[in-house]
Amino acid sequence: MAAAAELPKTMWAWRKHKGNPEPVWEEVAVPEVPPNGILCKVLASGVCRSDHSLLTIEKQAAWFQDKYTLGHEGCGRIVQISQEVNETRFKVGDVVALHAVPGCRQADCPECSRDLSQICERGHHSGIGQDGFHAPYAALDIRGAVLVPQGVTPAEAAVATDAVTTAYHAVTRRGEVKASETVFLFGLGGLGFNALQLVRNIGARIIVCDIRQQRLDEAIKLGVPEGDVVPVGQSAVEFVQEKGLMIDTVLDFVGTHETFDAAQYIVRRGGKILCVGSIDPENTVHMKTGTRKRLSFIFTYGGQVEDLEEVLRLIAKGVIRPQVKPGILKDFPTVLQDLTEGKVECRVALLQE
């Protein structure tokens, strides 16, 4: 086993305890290296709305442990590599992005065998029911590690594992957005703003809608024409009708009753509605509208290691610039509260003190 230096025996981490909706700052053992994995000194871990859901929703999948370390967006420096690892690309000291759900990659896996590794139930789920990255050290299967290119910061690499990769998978692999399309985007938060940059890189026209003027101003700075920005307070339906727009694809990164309802009216016949956000856990499909317009409702979840590799390449090239602010690990509860209350405009990456 390759090792960099003697490690501490214990560490302090933010943990989920079953039945407790608040994160617990708890001393736990430094994890051991998995048989086919690595141990990393965590450099940055992203805070996501999903952290709040994981803390507050008790009905979860079978693999969820009663106690586990939170954090499913991570970047770290390799300090140990298992002797069983045959992958020669990695060495102690490398900085790697940590994909939370790389999948088991077994031929008989119902999901991995169909190229759906991000919803695999057999592999480890870092920070999603099993130990994750809101801690000084984290263990990971080698299949979830991606080398971070020059020019990409640990904070950017951490949020890239979910906030950017999820947007990339949604736009390119699920929505299959083309340059010839006109796209309507609801929500310019941590994921939506990344999706905006991806759609612009594809070359499609994009109409943006958000309830925060500051986020719309950021979109304009990025190059979105003011005429393609829905004014705060105006409904999406009115805007599309007034402009006479033909919307090929709606990207709903919000998922409220209002946005999901509007999406069904503004999208053209034969159009696509890509469902990413889920602020409201239940929404209504208007069956008559959906059938008469022959709409496609497409759901998406996360992304794959291959997506993360491409995303990091795009960040290194400057095609995508994730909006991420630094925080410190000890402040996780405050950051998460600010995020859920809408006080955080982009993404926050927790750095080690």
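The values are calculated or read from the model by the stated rules, or taken from the named source; none is laboratory data. All of these numbers come straight from a predicted model, not from anything done at the bench. As a convention, Cβ positions derive from the backbone with ideal geometry for all residues, glycine included, and neighbour counts pool all protein chains shown.
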Discussion item. Just checking, does segment 100-108 include any residue being in contact (Cβ under 8 Å) with a residue 60 or more places away in the chain, under 18 Å from Leu329 (Cα atoms) and in contact with a helix residue (DSSP H, G or I) (Cβ under 6 Å, 6 or more places away or on another chain)?
Written reply: no
Worksheet item: Residues in segment 264-277 that are crowded, with 22+ Cβ neighbours inside 10 Å, under 22 Å from the mean Cα position of the chain (by Cα) and not in a strand (DSSP E or B): how many?
Response: 1
Worksheet item: Can you tell me which residues in segment 151-167 are surrounded by fewer than 24 Cβ atoms within 10 Å (Cβ to Cβ) and farther than 13 Å from Val324 by Cβ?
Response: Gly151
Worksheet item: Wholly within segment 149-216, which helices (runs of 4 or more DSSP H) include no fewer than the required count, namely at least 1 residues that are out of contact with any Pro (no Cβ under 8 Å at 6 or more places or on another chain) and under 22 Å from Thr259 (Cβ atoms)?
Response: 165-168, 192-202
Fill in: Residue list for segment 42-61, filter: closer than 30 Å to Lys91 by Cβ and either of a type in the set (Asp, Glu) or surrounded by fewer than 18 Cβ atoms within 10 Å (Cβ to Cβ) (or both)
none
Response to the item:
Residues of segment 126-145 being in a strand (DSSP E or B) and small (Gly, Ala, Ser), in sequence order, are Ser126, Ala138, Ala139, Ala145
Item to complete: Kindly indicate whether any position in segment 68-81 is surrounded by fewer than 19 Cβ atoms within 10 Å (Cβ to Cβ), in contact with a helix residue (DSSP H, G or I) (Cβ under 8 Å, 6 or more places away or on another chain) and either within 20 Å of Cys120 (Cα to Cα) or of a type outside the set (D, E, K, R) (or both).
Response: no
Item to complete: Please work out which residue is surrounded by the most Cβ atoms within 10 Å (Cβ to Cβ), limiting yourself to segment 241-263 and to residues that are assigned to a loop (DSSP other than H, G, I, E, B) and among the small types (Gly, Ala, Ser).
Response: Gly255
Discussion item. Out of everything in segment 96-127 that is touching a Phe, Trp or Tyr at 6+ places or on another chain (Cβ under 7 Å) and of a type outside the set (A, V, I, L, M, F, W, C), what residue ends up being surrounded by the fewest Cβ atoms within 10 Å (Cβ to Cβ)?
Written reply: Glu121
Worksheet entry | Every pair of residues 6+ apart whose Cβ atoms lie under 6 Å, when the first sits in segment 326-340 and is in the same structural domain as Val24 (by TED's automatic domain parsing) while the second is in a helix (DSSP H, G or I) and exposed (fewer than 14 other Cβ atoms within 10 Å of the Cβ) | none
Practice prompt. State whether one or more residues within segment 42-63 are assigned by TED's automatic domain parsing to the domain that holds Gln130, over 30 Å from Asp280 (Cβ atoms) and in contact with a Leu (Cβ under 6 Å, 6 or more places away or on another chain).
Written response: yes
Worksheet item: Only one of (1) of a type in the set (A, V, I, L, M); (2) crowded, with 24+ Cβ neighbours inside 10 Å; (3) in a helix (DSSP H, G or I) fails for Ile220. Which number is that?
Response: (2)
Discussion item. Any residue in segment 271-294 that is at pLDDT below 95 sitting within a Cβ distance under 6 Å of a residue that is among the aromatic types (Phe, Trp, Tyr) and assigned to a loop (DSSP other than H, G, I, E, B)? List the pairs, counting only those 6 or more apart or interchain.
Written reply: Gly277/Phe253
